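Comments concern the structure below.
The values are calculated or read from the model by the stated rules, or taken from the named source; none is laboratory data. Note that the structure is a prediction, hence the values are computed from the model and not measured. Cβ sites come from the backbone with ideal geometry, for glycine too, and all protein chains shown count toward neighbours. For accessibility, only protein heavy atoms count, side chains too; no ligands or nucleic acids. Shrake-Rupley method; radii C 1.70, N 1.55, O 1.52, S 1.80 Å.
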Amino acid sequence: MPVCDICCEELPSEAEMRTHLFLSHTENVMACPFCSLSGISYDELNFHINTAHIEQDCQDTNTTVVDSGQKSSNDCITQSPNSTRTSNVKNMDKVSQASPQSPSTGTSLSQGTSTSLKSSPPAAATANGAVKLVRTTQKSSNKTSKEREDGRRKSKQKRLSSPIKEGCFACPMCSLVCKDCFILQEHVELHLQGQAEGAGSEVGTSTEASSTSSGRSGVMRYECPMCSLSCSSSSSLQEHVELHLEYGSASATGHSSEDLTLARKLQEEEEQKWREAATRREAEDFKKLQKQFGLDNSGGYRKQMERNMERAVSRGQMVPAEFHKKKAEMLESLASGVDDGRSKTSGLMGALYRYYQRNTSDCAHLWLCAETDHYSSSEGDKGWGCGYRNFQMLLSSLHRMEQYKLLPGITSVTSCYSLGSLLIFLVTVPIIKFSLAVSVPSIPRVQALIEEAWGQGADPQGASHFNLRLQGTRAWIGATEIYAVLTSLSVKARIVDFHKHTGPGDTHPRLFEWVKQYFSHSASRGARLPPKIVQTTLPPIYLQHQGHSRSIVGVEQKVNGNLCLLLFDPGCAPGEMRKVLSQDTAVTMVRRMRKFPGSLKHRQYQVVAVEGLLTPEEKQSRILNSRTLCAEKIP
């Protein structure tokens, strides 16, 4: 049942408690018994007393309150279990005059002048946090102390016996109940801080209080409100109480250490599940990347070609006789190591030269590379063979130049297949026309050439990326693999990395300027005024970016100074590329081949340009330097 903190009266409900407080203890007569604060509500008075005036130990001291006869509701409230009386302690000069011989060993209460009373501190805090002032005399001090002690004991028993809701934390020093242990901790710290300040002032002004708190040892001790420990300083007591609140909160709310252990176990299980899920996702992503880049051991050029032809037969797009014929031609090409030429388109550079001679209204200058064949992706390398096809375009241009005619290691009948497999192939295909002339190698043969370059020690880091194996896979290759195989063939190559944007709108104007410098430098040698349209003797440039590669076969400069590149794309079908050979359809294809700076907005581009042949010493030096292969970066 609720108990009134002022008069200790028991009431059946909270509503009646509020009515009782309003009728019996009017808010406008509330005043602090220790200071001049008045005209506040009961809750504000309770908070003020519990924070500004700390409870004092009144078990061994007597409290004397002097009533001057002038009763005022704004001065001090004296509470008893049965009635409420007010006492005026304003005019302390009268008290000093009434008892001039009284010893000044008690606590001094003064307002305006210093007056000493033979008493203990002016008020004692009850067990439930309300302040109680009791009128006593020296003769009846023992009896009144017993009554107060009994009242405090009963009030404390009522408070301790009252049920506390689960999840609430009760202050061990007053009747405050908090729902958060951290708020309770701050509240108890206020208690301790005020108690330390009150104890210090009490020692300085009262000999009796000093002797009481010091005890026999003469050293002030601070008792823990939650256990029997005594501390020598307020800071030690504060740390001790904080440990109580920190480690005792679980038991105070009904929780045990088993709950904490269970929570930690559940958290560890959840983290373990999350780690396993992350590992599975990483494995799945890695498999997807392997499949995307052709490293999932799903077969290479031959298997993909056979599957596509079988699928065409099952759909009715190819008759079985044609299937066997194309399969035999494919096996012949694989055995010889020479491309079958089905995706090749020749004569394109001459057609472009003639086209620009007829259409030069907006063109100021044009530089074209040497004669180059276009190689399109076929059914065997669709989706992954662009790097190999661009290498074939580069080789088709090199083979037409005198200094590159005798490139070593390009064709070999037994380089890709063993003698046993060759004999089986001869039995299967009885009539084969082998051409030992230097020609463009097939994609499996290019893969073998790259593996041979790795075997010589070129680009070991790139080789480890492919596990030293390309044949029989659909692995993508890039600029570093092209550089490595050219170096192994004694071809002097230069790899340049345009690693960031150099123009507005994520463009690469430095790339365009570099390509123009590459083609125009050799064309301008020995000529005061270079011609408008120039077909150089330089091979095309290999251009690589994320996910695709193309070949730069020329650069065009407009009348307004803008540059555009002419690109051969392996993704363009042979039927489309043949349109360049016709005057009627060349306009459409040339537009598709033109790429202005706004069309090349990938973050990074790499180019590989051929610059001549290498001596054996230069070749060995480049292979050794390729162990830490680093492209030339522009800018």
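For this structure, a couple of remarks:
- Computed P(r) (all Cα pairs; the stretch 450-590; 10 Å bins; percent): 9, 30, 33, 22, 6, 0
- Solvent-accessible heavy-atom area per residue, rounded to whole Å², over the stretch 455-505 at 1.4 Å: 39
- Unsatisfied cross-links (Cα-Cα over 32 Å) in the set Lys382/Lys595; Lys532/Lys619; Lys344/Lys532: Lys532/Lys619
- The modelled label-to-label distance for the pair Glu14/Arg342, using points 7 Å beyond Cα in the direction of Cβ, is 8.9 nm.
- Solvent accessible area, Å² - Thr372, 1.4 Å probe, full protein context: 0
- Radius, Kirkwood style, for the stretch 552-635 when every pair of distinct Cα atoms is counted (Å): 16.4
- Gln546 paired with Cys178, simple spin-label distance in nm, labels 7 Å along Cα-to-beta-carbon: 5.3
- Of all accessible heavy-atom area on the stretch 268-333, the percent that carbon and sulfur account for (1.4 Å): 51
- If R0 is taken as 51 Å, the Cβ-Cβ distance between Lys492 and Arg315 corresponds to a FRET efficiency of 0.60.
- When the stretch 582-635 is described by a simple charge dipole with +1 on each Lys and Arg Cβ and -1 on each Asp and Glu Cβ, the residue from Val608, Met589, Cys630 located farthest towards its positive end is Met589.
- In this rough spin-label picture, where each label sits 7 Å from Cα along the Cβ direction, the Thr360-Lys405 distance is 3.2 nm.
- Legend: calculated FRET efficiency, Ser36 to Cys227, from the Cβ-Cβ distance at R0 = 30 Å, rounded to 0.05, equals 0.20.
- Cα-Cα pairs of the stretch 288-411 separated by more than 16 Å (percent): 72
- With every protein chain in place, the stretch 469-551: carbon and sulfur % of accessible area (1.4 Å): 50
- Entries in Lys326/Lys492; Lys179/Lys265; Lys288/Lys500; Lys291/Lys326 that, when Cα-Cα distance is taken, lie over 32 Å: Lys326/Lys492
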